[in-house]
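Okay, so here's the structure we're looking at.
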Amino acid sequence: MIGLQIAFWILVVVGIASALAVVLLRDIFRAALSLILCFLTVAGIYVTLSADFLAAVQVLIYVGAISVLIILAIMMTREVQQGSPSNKLRIPAFVVATLFLGALVFAMINTPWQIASMPPLEPTTAALAIKLFGENGFILPLEIAPLLLLAVILGTIVLVKEK
Amino acid sequence: MINNLGLDHYLILSAILFSIGLYGALAKRNAIAILMSIEIMLVAVSIAMVAFSRYIVPLLLTGQVFVIFIMVAAAAETAVGLAIIMAIYRSRETIDVTKIDLMKW
């Protein structure tokens, strides 16, 4: 149990630091690399929440696919030299984000959550499959998701195709 | 409070990550940097979903199912967003969002 807490705090520190690096670094390529680190720490956070399947999927989709896509786009747009400076709205954006964080934390701490005392389900893969494909499950959204992906594939090809 | 991990820890972590992403999405010039900030916001929401699922309905896994659909939507959004950025870069030679102002007044 104590090991879980140590792991959680390490993941929190690394995750927040890498998220800040994504936002604050001027070099867009280094920002993309710290985004990968942020995704990896989030996968670790899922492990501490005993969501093993989601942790694996997080590593596969975010760390594997989305990061490669983003780095490819950075390479193809040749904006690496210019970096990613802030625009004129930097200070208002900081104020808005801080106020939003304060409001969120205030609401979260003052809400009486009904915490269940049961231990979490583990492992989750079979239970998730039953939840997705079984009776009264999420089979209709699960069938719509491939349609969305198909539309995305076609739309991306149309958008990127040379005229 | 430090001795026992609770729902509040995960919710506050997700709030911090969401605010960092919000700041990035509002304050960056580069369109790809804005897209990366939006990814951070989506991931923060996913952490909140999994934490709710773990602490409030530990046996139902509803939050984890939502996170799977968030991942599908995030992948779709990234692919289409980057394709739009490529199309803009091809026609205007820049992805600085302060210079893409055809529809601004």
When you check B:Ser46 against the structure, is it surrounded by 22 or more Cβ atoms within 10 Å (Cβ to Cβ) and polar (S, T, N, Q), yes or no? yes
Criterion first (outside the structural domain of A:Arg30 (by TED's automatic domain parsing), under 19 Å from B:Ile95 (Cα atoms) and without any contact (Cβ under 8 Å) to a residue 60 or more places away in the chain) does A:Arg90 satisfy it? yes
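Filter region B:1-17 down to the residues that are among the hydrophobic types (A, V, I, L, M, F, W, C), facing another protein chain (nearest Cβ under 7 Å) and out of contact with any Phe, Trp or Tyr (no Cβ under 7 Å at 6 or more places or on another chain) and list them by number. I'd like the intermediate steps shown before the answer.
Filtering region B:1-17 for residues among the hydrophobic types (A, V, I, L, M, F, W, C) gives B:1-2, B:5, B:7, B:11-13, B:15-17.
From what's left, facing another protein chain (nearest Cβ under 7 Å): B:5, B:7, B:11-13, B:15-17.
Once the filter is applied, which keeps residues that are among the hydrophobic types (A, V, I, L, M, F, W, C), facing another protein chain (nearest Cβ under 7 Å) and out of contact with any Phe, Trp or Tyr (no Cβ under 7 Å at 6 or more places or on another chain), region B:1-17 yields B:Leu11, B:Ile12, B:Leu13, B:Ala15, B:Ile16, B:Leu17.
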By residue number, the members of region A:125-163 that are surrounded by 13 or more Cβ atoms within 10 Å (Cβ to Cβ) and outside any helix (DSSP H, G or I) are A:Gly137, A:Phe138
Please state which of the following conditions B:Asn30 fails to meet, knowing it meets all the rest: (1) facing another protein chain (nearest Cβ under 8 Å); (2) surrounded by 17 or more Cβ atoms within 10 Å (Cβ to Cβ); (3) at pLDDT 90 or above. (3)
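Which members of region B:68-102 meet the condition of being of a type in the set (Phe, Trp, Tyr) and more than 18 Å from the chain's Cα centre (by Cα)?
Going residue by residue through region B:68-102, those that are of a type in the set (Phe, Trp, Tyr) are B:69, B:89.
Answer for region B:68-102, where residues must be of a type in the set (Phe, Trp, Tyr) and more than 18 Å from the chain's Cα centre (by Cα): just B:Tyr89.
Step by step: first the residues of region A:56-80, then only those that are small (Gly, Ala, Ser) and crowded, with 17+ Cβ neighbours inside 10 Å, then the one that is nearest to A:Thr41 (Cα to Cα). Which residue is that?
Once the filter is applied, the top-ranked residue is A:Ser67.
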Residues within region A:40-58 that are at the interface with chain B (Cβ under 7 Å from one of its Cβ atoms) and either assigned to a helix (DSSP H, G or I) or of a type in the set (Lys, Arg) (or both), tallied: 5
Looking at B:Val65, B:Val43, B:Val50, B:Val57, can you tell me which residue is farther than 27 Å from A:Leu24 by Cα, within 7 Å of chain A (Cβ to nearest Cβ) and under 17 Å from the mean Cα position of the chain (by Cα)? B:Val50
Set A:Leu72, A:Leu99: member being within 19 Å of the chain's Cα centre (by Cα) and either within 20 Å of A:Ala21 (Cα to Cα) or not in a loop (DSSP other than H, G, I, E, B) (or both): A:Leu72
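The values are calculated or read from the model by the stated rules, or taken from the named source; none is laboratory data. Fair warning: this is a prediction, and the values are worked out from it, not measured in the lab. Cβ coordinates were reconstructed from backbone atoms using ideal geometry, including for glycine residues, and neighbour counts include every protein chain displayed.
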